[in-house]
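J.: This structure is in structure tokens; I'll ask about it shortly.
The values are calculated or read from the model by the stated rules, or taken from the named source; none is laboratory data. Nothing here was measured: the structure is a model prediction, and the numbers come from that model. No Cβ is skipped: glycine too gets one built from the backbone with ideal geometry, and neighbour counts run over all protein chains shown.
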Amino acid sequence: MPTQPRNKKRIATFVYGISPLLLFLVPSVQSQQSFTLEQALSAPFPSDLRAAKGAPRVAWVLNEQGKRNIYVAEAPDFKPRRLTSYLEDDGQELSLLRFSADANSVVYTRGGGKNRTGQSPNPTSNPTGAEETVYQISWSGGAPQKIDAGHDAQISSKGICAYLRDGQIWLAKLEGKEKPEQVVVRGSNSQQRWSPDGGKLAFVSGRDDHSFIGVYDLTSKTVRFIAPTVDSDSDVEWSVDGKNIAFVRRPAVPRDQPQGYFIEPDRSHSWAVWVADTSNWNAKEIWHSGRERQDSFPRMAGDTGGGVIHWAADNRVVFASEQDGWQHLYSMSGDGGAAKLLTPGDCEVEQWSFSPDAKDILFNSNCGDVDRRHLWHATIDGKTFQQVTSGGAASGIEWSPIFLNNGNDFFYLASNASKPAQLFHSTLAADRPTFPVPAESLPQDFPAAKLVVPQQVIFKSLDGLDIHGQLFSPKKLNPGEKRPAILFFHGGPIRQMLLGWHYMYYYSNCYALNQYLASRGYLVLSVNYRSGIGYGRAFREAPGRAGRGASEYQDVVAAGKYLQSRADVNPSRIGLWGGSYGGYLTALGLARNSDLFAAGVDVHGVHDWPTDNWDGKNIPPELTKLAHESSPVAAVDTWKSPVLFMHGDDDRNVYFAQTVDLVARLRERNVHIEQLIFPDEIHDFLLHRTWLKAYHAASDFFDRTLASPVAH
């Protein structure tokens, strides 16, 4: 519930029903939508799919309406079995699954990382608190055994667990009762990687403005740093035989040069691949990027992909690059030389994994189907490049492929327009049979048959750029009827919405709400504005975006005008909603164009770029001024349309102060405001009941502000 208004003329109290100021807008008939929001959000969501190296076994996390558990399956029948027993919607995440070397236990992290004040997520406001913890559980089941507070466990071939706690590396034996030991290294340490023989641990030691690659020797209990410089080293990987280590090196930048994805002027970010010989620890550069912007470090590979570099078989290093304008995989000798393109095409390679012998790669991409994802197979020698899934007749979407230990069978996740993510099993054999793995089938009342199939829409932005979207139309439209419409903007912005249920939990939920709104009579257009992925680096890194001029706002206005041009849309009843970066664009639309947008739902949005991004950075006054002018707070004087703000006050991505500040400014201007604040919730809502409450509030708000005719 929101706070009580200081002036009832300025802000409406949100009472899960009707705002007094907007009572006249409520439809006179009761809702007749064909399914409920609870049904739309009822499907279990699988994630974190992992395969064992030493046995034909797989494990994954399944979120069943907030109850998160580990499920496992093994050959020959791969019948799913729930391994853990967390049976409450308690907001404690399960993630970072790892198999032990013998595949007889699974190590995982439960809970989330600490906020700026050192507190772990506790969305239920449990007085006993919450803690991010590493656990081990036997393959056969039983009670999980706590290893220690921490996260991101990496298991060696000798059964030693290396995990992170407060930026430090700790070691614990999976078998035995010895107390964990800290590897004491100054700085904030991460990306720990075991050598193949389990005798050494490489890691990245962050030192604020530079970073080193360190190697800890378990026998001598010593740490050495590889070729330390003033530059930033990261993405460390061992060769298959353990004789070499590869890593990424990015050059130092001047202290007064603006830094940060959303704020710095557009420039190239060069990088190089280095290799160290573990026999003498000498290191050399084997490849470096060009100087053009598209040669820059492939940030997308680290954010949403399978990692920047990998050491494959036959002394080959595989790395991601956008040097041709699209994210692709390249292969080169570990001794240096020319790099070979493995995944050609004007399309993005997004997620990838390697076969046990490190000779084959499975990856998903939008090659040939720009607004979906399908699976492809490539070999590190470049001789094979073939599609292995196509979505079938249901126009599906496939992602997260992993090889089984035999190097032929593989598992992946898939969805389509009507069915959310499910687990599948297939093979690289010529006939490629595909078998669904019914972990937890969809609930009996899940409304798959009642959902609409979103249609691809492509329209021109104000400056002529092609913008893709997905249009959700009500199933029944009377001839000549004009419906209210809603625009949806994703967050990130390194994201792409697809023509079906999304592969990320957050956006799978967004897809459910868009389907629900369509069932209530709205036309909904999900917009893939510039700054997102899927359409090449030039589109993602468009000039003047974010705090450098908000160039993507041209896409927002163009989307609104596209809806206005449609014969089935009421041009005076167009709303918009989005979360995070989508909240930023929602607020920007309401601030700059209340004449075009009649109402909006802003979920944890950015409202003033300098407030959230300038801490401790050397930003010249002219850039600060430009960033402020690119923000919604700079246009509050023209904001007239009603807005619903939703925000969790333990948000670790967008300062809660962003919403506090904007609400205060709008109150002074008599803008109609509603609030739904979630104490102790984070950015990606952890509780299933939070999602339901938030989405009910959004639907109710649009019903009252846009006067939706109900679906039949």
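J.: Which of the residues that make up region 438-465 are farther than 28 Å from Leu37 by Cβ and touching a residue at least 40 places away in the same chain (Cβ under 8 Å)?
T.: Correct list: Phe459, Lys460, Ser461, Leu462, Asp463, Leu465.
J.: While we're here: Just checking: which of the helices (runs of 4 or more DSSP H) contained wholly in region 587-679 hold 2 or more residues that are under 26 Å from the mean Cα position of the chain (by Cα)? Can you show your working first?
T.: Numbers: elements: 609-613, 621-629, 657-667.
Those helices (runs of 4 or more DSSP H) span 609-613, 657-667.
J.: While we're looking at this one, here's another question. Looking at region 661-673, I want the residues that are under 12 Å from Lys640 (Cα atoms) and surrounded by 19 or more Cβ atoms within 10 Å (Cβ to Cβ) and have a partner that is modelled with pLDDT under 95 and β-branched (Val, Ile, Thr) with Cβ atoms under 8 Å, at least 6 apart or on another chain. Which pairs are those?
T.: His672/Ile11; Ile673/Ile11
Yes/no matrix, rows are residues, columns are (1) in the same structural domain as Arg540 (by TED's automatic domain parsing); (2) surrounded by fewer than 17 Cβ atoms within 10 Å (Cβ to Cβ):
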{"position": "Pro447", "(1), (2)": "no, no"}
{"position": "Ile458", "(1), (2)": "yes, yes"}
{"position": "Gly464", "(1), (2)": "yes, yes"}
{"position": "Ile467", "(1), (2)": "yes, no"}
{"position": "Gln470", "(1), (2)": "yes, no"}
{"position": "Lys475", "(1), (2)": "yes, yes"}
{"position": "Glu481", "(1), (2)": "yes, yes"}
{"position": "Leu498", "(1), (2)": "yes, no"}
{"position": "Met504", "(1), (2)": "yes, no"}
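J.: Looking at Arg548, Arg573, which one is of a type in the set (Lys, Arg) and over 19 Å from Leu706 (Cβ atoms)?
T.: It is Arg548.
J.: List pairs: first in region 586-599 and at pLDDT 95 or above and of a type in the set (Phe, Trp, Tyr), second surrounded by 21 or more Cβ atoms within 10 Å (Cβ to Cβ) and assigned to a helix (DSSP H, G or I), Cβ under 6 Å, 6+ apart or cross-chain?
T.: Cβ pairs passing all conditions: Phe597/Gly589; Phe597/Leu590.
J.: Do any residues in region 198-213 that are in a loop (DSSP other than H, G, I, E, B) have Cβ atoms under 7 Å from those of residues that are hydrophobic (A, V, I, L, M, F, W, C), where the two are at least six apart or on different chains, and which pairs are they?
T.: Correct list of pairs: Gly198/Ile160; Gly199/Leu218; His210/Val230; His210/Ala252.
J.: Here's a follow-up. Just the residues that are part of a strand (DSSP E or B) and in contact with a Lys or Arg (Cβ under 8 Å, 6 or more places away or on another chain), please, taken from region 233-272.
T.: Across region 233-272, the qualifying residues are Asp233, Ser234, Val236, Glu237, Trp238, Ala272.
J.: Mind checking which residues of region 45-97 are of a type outside the set (Ser, Thr, Tyr), assigned to a loop (DSSP other than H, G, I, E, B) and within 21 Å of Asn126 (Cα to Cα)?
T.: Gln65, Gly66, Leu87, Glu88, Asp89, Asp90, Gly91, Gln92, Glu93
J.: To continue, here is another question. Looking at the structure I just gave you, is Ser531 among the polar types (S, T, N, Q), closer than 19 Å to Asp602 by Cβ and in the same structural domain as Phe685 (by TED's automatic domain parsing)? Lay out the reasoning, then the answer.
T.: Values: among the polar types (S, T, N, Q): yes; closer than 19 Å to Asp602 by Cβ: yes; in the same structural domain as Phe685 (by TED's automatic domain parsing): yes.
The answer is yes for Ser531.
J.: With (1) surrounded by 23 or more Cβ atoms within 10 Å (Cβ to Cβ); (2) out of contact with any helix residue (DSSP H, G or I) (no Cβ under 8 Å at 6 or more places or on another chain); (3) over 24 Å from His328 (Cβ atoms) as the list, and Ser508 as the residue in question, which single condition is left unmet?
T.: Looking at each condition in turn, Ser508 falls short on (1).
J.: Do we have Ala627 as at pLDDT below 95 and crowded, with 16+ Cβ neighbours inside 10 Å here?
T.: yes
J.: Residue check: is Asp295 among the acidic types (Asp, Glu), without any contact (Cβ under 8 Å) to a residue 40 or more places away in the chain and more than 28 Å from Pro196 (Cβ to Cβ)?
T.: Yes, satisfied.
J.: Return the residue satisfying two criteria in turn: it lies in region 470-503 and is aromatic (Phe, Trp, Tyr) and in contact (Cβ under 8 Å) with a residue 60 or more places away in the chain, and of such residues it is nearest to Leu588 (Cα to Cα). Give the steps one after another, and end with the answer.
T.: Going residue by residue through region 470-503, those that are aromatic (Phe, Trp, Tyr) are 472, 488-489, 501, 503.
Now drop any that are not in contact (Cβ under 8 Å) with a residue 60 or more places away in the chain, which leaves 488-489, 501, 503.
On the way: Phe488: 13, Phe489: 12, Trp501: 27, Tyr503: 27 Å.
So, considering only residues that are aromatic (Phe, Trp, Tyr) and in contact (Cβ under 8 Å) with a residue 60 or more places away in the chain, the one nearest to Leu588 (Cα to Cα) is Phe489.
J.: State the number of residues belonging to region 298-334 that are outside any strand (DSSP E or B) and either under 11 Å from Val273 (Cα atoms) or small (Gly, Ala, Ser) (or both). Before the answer, list the steps.
T.: Start the filter on region 298-334 by keeping residues that are outside any strand (DSSP E or B), which leaves 298-308, 312-315, 322-327, 334.
Retained after the next criterion (residues that are either under 11 Å from Val273 (Cα atoms) or small (Gly, Ala, Ser) (or both)): 301-302, 305-308, 312-313, 325, 334.
Count: 10.
J.: Listed residues Thr229, Thr278; which is modelled with pLDDT of 95 or more and either touching a His at 6+ places or on another chain (Cβ under 6 Å) or surrounded by 18 or more Cβ atoms within 10 Å (Cβ to Cβ) (or both)?
T.: Sole residue among the options that is modelled with pLDDT of 95 or more and either touching a His at 6+ places or on another chain (Cβ under 6 Å) or surrounded by 18 or more Cβ atoms within 10 Å (Cβ to Cβ) (or both): Thr278.
J.: If Ser426 meets every condition in (1) at pLDDT 95 or above; (2) among the small types (Gly, Ala, Ser); (3) in a strand (DSSP E or B) apart from one, which number is that one?
T.: Ser426 satisfies every listed condition except (1).
J.: Here's another thing I want to ask about it. All but one of (1) surrounded by fewer than 24 Cβ atoms within 10 Å (Cβ to Cβ); (2) closer than 27 Å to Cys367 by Cβ; (3) aromatic (Phe, Trp, Tyr) hold for Tyr553; which doesn't?
T.: (2)
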